[in-house]
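One structure is given here, and the rest of the page talks about it.
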Amino acid sequence: MYGVLSRSAMHSYSFHCIHCIGALAYGITHPTLNKNLFHYAYFALENLPFKRAMKTSQEEINDQPYKSETEQNNHSCTQLSQLGDNCDCAFDGAMITLVPITDAAHLVHGPNGCIGNYWGGRDSLSSGSLMYKNCFTSDMDESDIIFGGAKKLYRGILELQRRYKPAAIFVYSTCVSALIGDDINGACREAAEIIGTPVIPVDAPGFVGHRNQGIRLASEALLEYVIGTAEPDTTTLHDINLIGEYNIGGDIWNILPMLEELGIRVLAKITGDARYQEICYAHRAKLNVVNSSAKAMLKMARQMEERFHIPYITESFYGIEHLNRCLRNIAAKLGETELQVRTENLINSETTALNNQLDFYLPSLQGKRILIDITNLNNWAIVSAIQYLEMEVLLTSTNKITQDNQRKIKGLFGDNAKILEIEISQLITEFKPDLLIASNHYQATAMKTKIPFLDINQERKNAYTGYAGIISVAQELYTTLHSPVWEQVRRPAPWE
């Protein structure tokens, strides 16, 4: 049999066999994940080349048409997509959660293609170290898949520490390394003993679930290996942790000055603009404040309450009503009358200053009709700010609205909120909005209909938190609506 089969066919056999066995082995050792893994293993076994070969003659095997590498890759992708939606994965969620730890190195144990899954996708900013901006991978190849890549990972960790000396190293498993059964926990443990630097395994391969599952697994890794491993120099009665803020566009930098003015210290940021050491002593905080949009982090807050007796609240720093309520609830939970008085004074002074600054923008923004596509809306803060600016909001969605989004809509617009389920081009023709806010897929539609377009998503460059965030929203809306280009675009062409 070996003499008549091509090398590419033999490689395909080995690859499929190892993936099937790896999936079964991983499923056995991870009972909660069995369903997806055995589904994958069964499907792969049903499509093994040698299984098909056993049903045919040797001549038929030799006569099988050659498939290009591109065709083979496309076939593999089709198989994997049956495990679920391929628009996001657990690996992506784990990276979203942990990469913002700025002074740590983040090493992906898998093929080099996996490393492009996250980097550059979210603009989490840092006020210090830029170590997190570097991309590291063990670069698994065919021989690592067949013979195992744990030793290569071990050597990579040692080399990474020697050359870059990060505060810690997070090692992420991927679909390939998990399916072949690589022991990343053992490699991390052995390497940590040699280099004396914390090496944290993050067991969140893409096939175990969607993005939220990866966020939960990353949170569990922090609880198991990081939180509680160090003590702060000092503690105060007003120490809090911020959980679920990733400092996109510098959001945390709008929050910290407000809290400092109230005498509240942020002991640990989990994880936007965080340092590894501060997360180590997050267990000494008096209160956890969880971002209301980070539902996947709630389990972490509950576990910290059980283990370290830290109460938690779920709040939002976006929009003036949510922000005021958030500050009041933090002060109430910390339980000091003087702090509550300072909070009310801060709210009054900041609200007055905000309204004074908005006086310039309001005459140009009030009454403007904004069409917002909520299908891929990642930041609902702008909706709250638009309402505060007394602008008319029209909502549309091309997909079924999730329960989470339904709750957000109800909280913002009440029970009478109406979602227009019509094509955006038709809505523009019928309702004639002054501005379209949607994903960049509809930019061409906006240009064709000659209306201003704004793409607000996770790659945004402006901070929308706090009172300053509302000013940022007003400025962005004003500059978009009143750009001189629209006057030029709407003029008839010279030949018309």
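Looking at this structure, is E260 over 29 Å from V199 (Cβ atoms) and free of Cβ contacts under 8 Å to residues at least 24 places away in the same chain?
Values: over 29 Å from V199 (Cβ atoms): yes; free of Cβ contacts under 8 Å to residues at least 24 places away in the same chain: yes.
Criteria met by E260.
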Restrict the check to the stretch 164-175 and report whether at least one residue is of a type in the set (S, T, N, Q) and either in contact (Cβ under 8 Å) with a residue 60 or more places away in the chain or closer than 19 Å to L217 by Cβ (or both).
yes
Residues located in the stretch 230-286, provided they are under 22 Å from the mean Cα position of the chain (by Cα), crowded, with 23+ Cβ neighbours inside 10 Å, at pLDDT 95 or above and hydrophobic (A, V, I, L, M, F, W, C):
L242, I243, I252, I255, A268, I270, A274, I279, A282
Considering the stretch 382-417 alone, what residues qualify as being in contact with a strand residue (DSSP E or B) (Cβ under 7 Å, 6 or more places away or on another chain) and acidic (D, E)?
E392
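Can you pull out every residue in the stretch 155-191 that is part of a helix (DSSP H, G or I) and of a type in the set (S, T, Y)? Before you say what the answer is, go through the steps one by one.
In the first step, residues of the stretch 155-191 are kept if they are part of a helix (DSSP H, G or I); the result is 155-164, 175-179, 184-191.
Once the filter is applied, which keeps residues that are part of a helix (DSSP H, G or I) and of a type in the set (S, T, Y), the stretch 155-191 yields Y164, S177.
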Output the number of the condition that T235 fails; it satisfies all remaining conditions of (1) in contact (Cβ under 8 Å) with a residue 12 or more places away in the chain; (2) closer than 30 Å to R189 by Cβ.
(2)
For a quick check of your reading of the model, give me the residue pairs whose first member lies in the stretch 280-309 and is closer than 21 Å to G411 by Cα, whose second is exposed (fewer than 15 other Cβ atoms within 10 Å of the Cβ) and not small (G, A, S), with beta-carbon atoms closer than 8 Å and at least 6 apart or on different chains.
K295/D404
Go through D182, D203 for me and flag whichever is in contact with a Leu (Cβ under 8 Å, 6 or more places away or on another chain), over 15 Å from V226 (Cβ atoms), assigned by TED's automatic domain parsing to the domain that holds G113 and acidic (D, E).
D182
Among the residues of the stretch 207-228, is any within 15 Å of the chain's Cα centre (by Cα) and either outside the structural domain of R162 (by TED's automatic domain parsing) or charged (D, E, K, R) (or both)?
yes
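The values are calculated or read from the model by the stated rules, or taken from the named source; none is laboratory data. As the structure is a computational prediction, the values presented were derived from the model and not from experiment. Quick reminder, even Gly has a Cβ in these numbers, built from the backbone with ideal geometry, and neighbours come from all protein chains shown.
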